[in-house]
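To start, the structure under review is shown below, and the notes come after it.
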Ligand code: SRM
Ligand SMILES: Cc1cc2nc3c(=O)[nH]c(=O)nc-3n(C[C@H](O)[C@H](O)[C@H](O)COP(=O)(O)OP(=O)(O)OC[C@H]3O[C@@H](n4cnc5c(N)ncnc54)[C@H](O)[C@@H]3O)c2cc1C
Ligand code: SF4
Ligand code: FES
């Protein structure tokens, strides 16, 4: 797999609502990315597609380091993309950092996001 | 006056329907039921209640019903004659009869005095002005609540236990509060200087104005209280002054009837006064020169007294050490024994400034003599146990201050710690119930809940601060068989249920989600998808116009004002008032559908048109176009008013008796935009044929020849429920007022996500009728509150968003550039 990372600057922390998220569309039919900001101002990014039936995670309620999918209430761990509780499945997790107040996400040119970590 | 020569049963008269008197009667009934004909006189017009809980009653954390100890049925079931609100004014000892204020005469063979104490009023100038209140009974709490309802400022004189609980309660009720305390630190009789300082700082942080070494010179005012002047001439404005400077045994009757009285009614170890036919218990007594002001010693007295009345052997009353807690939510304070120390004592002090913890343990001759804990009182019960046992703590000395977890190998796990306690360890300090008693009750009587333990053992029945310990005991004793919560918490983030969250939001003046989570000790940093929307609703309902809606705590539909579909697109349903539309609206809908390539148009079950499959980014533009044709959001997504279905009514229909379309439009115009616990649907039918299906709606109106039938609590859905008839009215104005009042009652009482049907079944139709139908004044007030909050609710969320509000929801992150490394 191509390991080169391209870091994209997607704006400031304040562009993402606290306990909320923004969507980043991608070209080439790739699944959009949901960028989340938690109550303690940490930033996470996942593919915007619930492992259950594809619900848009960016429309969910963010609580702690988790998001609840708006369609059937699966609860997804933001750090790993993994479904919590009894459910199983994983939304691809994408590296994201805050550098000098700017939010940057890392994309391998053709990847569809990482697997489940942790 | 007749005297029955050979009474079948002996007559016991009790003067004082308070805590000590009724505890004695309870103990007596347990030992010798039926031995006495019992008559009780109480000066207060209430049944026996838990006086300790007046503080949470004041702050709003409890209701009067919560603090009743014995209700009317208890008196009846036990054959007790109760004269409530009728004080005894004279005791005729020669003829053995008492006389009440209303003239009732009750003969006795045995008399029990349990008249409690009177609050002390310092006789400074102005002390008789209206607005000067004490803190002793329900009437005092009512007076304080009435003052708090008018808002303004309160001055509390006295920074002891009662004064501080009054001050915090008044603050919770929205008053500005100043506490004046004569001594150099608060609660100086229970805690030392350091703990007093921490307490004062904590109270200041909660917004109380605490003034030490403040000596009151005068209460000023002409017709009523206007302020307090101190001896140093400082003036403090006040609309109400609460005097909480101490209590004095109420021994007036005893003194008047010639019994031996010093400060209190003098009793011996068997609770007998100088007249052997008269016993006395409670705060009115003086035993070995000491008067008591806490319940624990009174319970011991009650046991001795009941033994005597039942004709059993008793070892007599022996005073024991007592402990104190301050019942202010969020302040952890414990004190017991001699905490001042002295030359023959050794102090162990532990501080943790970061956590605001202070502990001071006083040792005398290698034994624990006293303890003051502030900021972390979890080990209070353990220290108190060591103190009462007079245990030799020399070996524990080095780790004593760290608490039980570090002493003698007991585990830090609270359940294990409780398990490690000996059977003689006291669990409930108020009622003197030890571990062995509770465990035996659980195993022999098959108890499985906290309430049952309370009922059988009295543990946790007074101040309740040992409830946690009792739960641990239940868990430990029953193992797997124990399910902790009787009430269902809102979710895993809290132990509070919906009703207590609502009550506490109002009582503590909590006005934001973080404030609720802090104040009610949420277990997660920011809740979850279950509790946050509920809290957001409760705050909106409690503080209309003041609370700012928290978008991140709403489900996506309510956040973006459209319904999410399975493919992530949205549906849009504009309002069609009463199901009526016109060519202009229909044309605009058609244009919008074409312009934004909306795949599906459908007529809904709610008499309007649904545009399905709208892309999220297009929503603001779609709304702008619909707004331009005069249409607003139909709230088809909301826990709010949905639709008002109508039939054609007498405007067209040959059977119609009233104008149902007009009525439907009027109701929808009045109620649209309102947030409710769950969705709220209405319908108006023009005659009893009921073509609008009004009898499965939350509020259904069916026209008749003479007026309107109002139906409530209907529901379609999985469990169909037909409405109940609320009442019949004649005018359209009445329909409007009843509708608003009913909706407001539901808004104030319904639990989040509870529709009117289950709410009605929970509270009962009669409950709703009593408030909305029978009580015209209350109906008017409910309606007023509904209309007041509608003033803040009726702005179209679509127009706001079309104008740019919450734009981040609808605009993706713009195409981005590569970051600089
Ligand atoms: C669109 C509509 C069906 C239709 O095409 O006719 C509809 C669609 C949905 N209904 Fe309904 N209900 C619709 C009328 C009804 C009715 C009929 C009525 O209102 O007269 C009922 C039965 C009456 C009642 O509510 O008592 C109805 C009972 C339900 C229920 C069960 C409610 C209950 O208390 O048991 C749900 C589930 C829920 O709310 O939890 C529900 C939930 C839903 C949801 C919101 C499911 C969801 O969560 O996504 C559907 C949303 C679809 C969408 O995006 O628009 N819908 N739903 C109707 C919209 C009416 C409107 O104009 O606003
Ligand atoms: C706000 C508040 C908080 C408290 N908090 C605590 C606490 O946390 N812990 C604790 O241990 N203690 C606490 N106490 C103290 C505790 O409530 C008392 O120790 C206890 O109520 C005393 O019981 P009693 O029966 O002696 O008096 P009471 O409970 O006062 O009962 C006496 C009753 O006799 C009635 N009476 C008086 N004269 C007559 C008459 N002539 N005829 C008929 N009836 C008469 C009175 O109206 C009263 O109802 C608190 C008290 C108050 C006011
Ligand atoms: S009946 Fe079921 S499928 Fe049809 S709209 Fe209502 S919820 Fe959806
Ligand atoms: S699609 Fe996310 S829970 Fe079903």
Check your understanding: Stretched out fully, how many nm does the piece from residue B:127 to residue B:808 gain, at 0.36 nm a residue minus the Cα gap?
Key -> 239.0 nm
Revision key, fill the gap. With Cα coordinates, the longest principal axis of chain B makes an angle with the long axis of helix B:19-31, in degrees rounded to 10, of 80
Revision key, fill the gap. The FRET efficiency for residue B:791 and residue B:733, from their Cβ-Cβ distance with R0 = 22 Å and rounded to 0.05, is 0.65
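Averaged across orientations, what area in nm² does the convex hull of the alpha carbons in segment B:121-245 project? Present the calculation step by step, with values, prior to reporting the outcome.
Details: hull surface 27.9 nm².
With every direction weighted equally, the projected area is 7.0 nm².
DSSP beta bridges in segment B:586-717, what fraction antiparallel, as a percent rounded to 5?
Working: 10 of 18 bridges.
Close to 55 percent.
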Check your understanding: For residue A:84 and residue B:705, what is the calculated FRET efficiency with R₀ set at 56 Å and r taken between the beta-carbons, to the nearest 0.05?
Key -> 0.40
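Can you bin segment B:683-821 into rounded, prolate or oblate? Criterion: square roots of the alpha carbon gyration tensor eigenvalues sorted a ≥ b ≥ c, rounded for a/c under 1.5, prolate for a/b above b/c, oblate for the rest.
Working: a/c = 2.40, a/b = 2.23, b/c = 1.08.
The shape class here is prolate.
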Review point. In bins 5 Å wide, starting from 0, what share of all Cα pairs of segment B:466-617 does each bin hold, as a percent?
Key: 1, 8, 13, 13, 11, 10, 10, 11, 8, 6, 4, 2, 2, 1, 0
Check your understanding: Along the Cα-to-Cβ line of residue A:5, 7 Å from the Cα, sits a label point; which residues in segment A:24-44 have backbone N less than 14 Å from it?
Key -> A:44
Review point. Residue B:145 to residue B:451: extension gain in nm, 0.36 nm per residue of separation minus the Cα-Cα distance?
Key: 107.2 nm
Review point. Per 10 Å bin from zero, what fraction in whole % of the C-alpha pairs of chain B is there, up to the bin with the longest pair?
Key: 2, 11, 17, 20, 18, 14, 10, 6, 2, 0, 0
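Looking at segment B:641-797, send over the antiparallel percent of its DSSP beta bridges, to the nearest 5. Display every interim value, and only then the final one.
Numbers: 11 of 19 bridges.
For segment B:641-797, the DSSP antiparallel bridge percentage is about 60.
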Exercise for review: Could you run the Debye sum over the Cα atoms of segment B:702-769, one equal point scatterer each and no solvent, and tell me log10 of I(q)/I(0) at q = 0.23, 0.24 Å⁻¹, two decimals?
Suggested key: -1.04, -1.11
Review point. Tell me, Kirkwood radius of segment B:556-637 from alpha-carbon pair distances, in Å?
Key: 12.5
Point to revise | Simple label model, 7 Å out from Cα along Cβ direction - residue B:77 to residue B:90, nm | key: 3.9
Point to revise | Projected-area mean, segment B:181-298, by convex hull of Cα positions, square nanometres | key: 10.7
Check your understanding: What is the helix-to-structure angle for B:619-628, meaning the angle in degrees between its Cα long axis and the longest Cα principal axis of chain B, kept from 0 to 90 and rounded to the nearest 10?
Key -> 70
Check your understanding: Taking every DSSP beta bridge that has both residues in chain B, what percent is antiparallel when rounded to the nearest 5?
Key -> 60
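What is the ratio of the Cα radius of gyration of the protein assembly as shown to 2.2 N^0.38 Å, where N is its residue count, to two decimals?
1.13
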Check your understanding: For chain A, what log10 I(q)/I(0) values come out of the Debye formula at q = 0.15 1/Å, with one point per alpha carbon and no solvent?
Key -> -0.59
**Study point:** Extension gain (nm, one decimal) between residue B:364 and residue B:778, 0.36 nm per residue minus Cα-Cα
**Key:** 142.8 nm
Review point. Any idea what angle helix B:583-595 forms with the longest principal axis of chain B, computed on alpha-carbon atoms, 0 to 90 degrees, nearest 10?
Key: 90
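Using a Förster radius of 45 Å, what is the FRET efficiency between residue B:651 and residue B:719 based on their Cβ-Cβ separation? Nearest 0.05, please. Numbers along the way, then the final one.
Details: r = 34 Å, r/R0 = 0.76.
Calculated value: 0.85.
For n ≥ 4 DSSP H runs only, could you compute -39500 (n - 2.57) per run for chain B, divide by its residues and tell me the 222 nm figure to the nearest 500? Can you show the working numbers first?
On the way: 27 runs with 262 residues, N = 821.
The helix-only estimate for chain B comes to -9500 deg cm²/dmol at 222 nm.
Each reported figure results from applying straightforward, stated rules to the coordinates on display, with no laboratory input. This one's a predicted model, so the numbers in the text were calculated from it and none came from an experiment. As a convention, Cβ positions derive from the backbone with ideal geometry for all residues, glycine included, and neighbour counts pool all protein chains shown.
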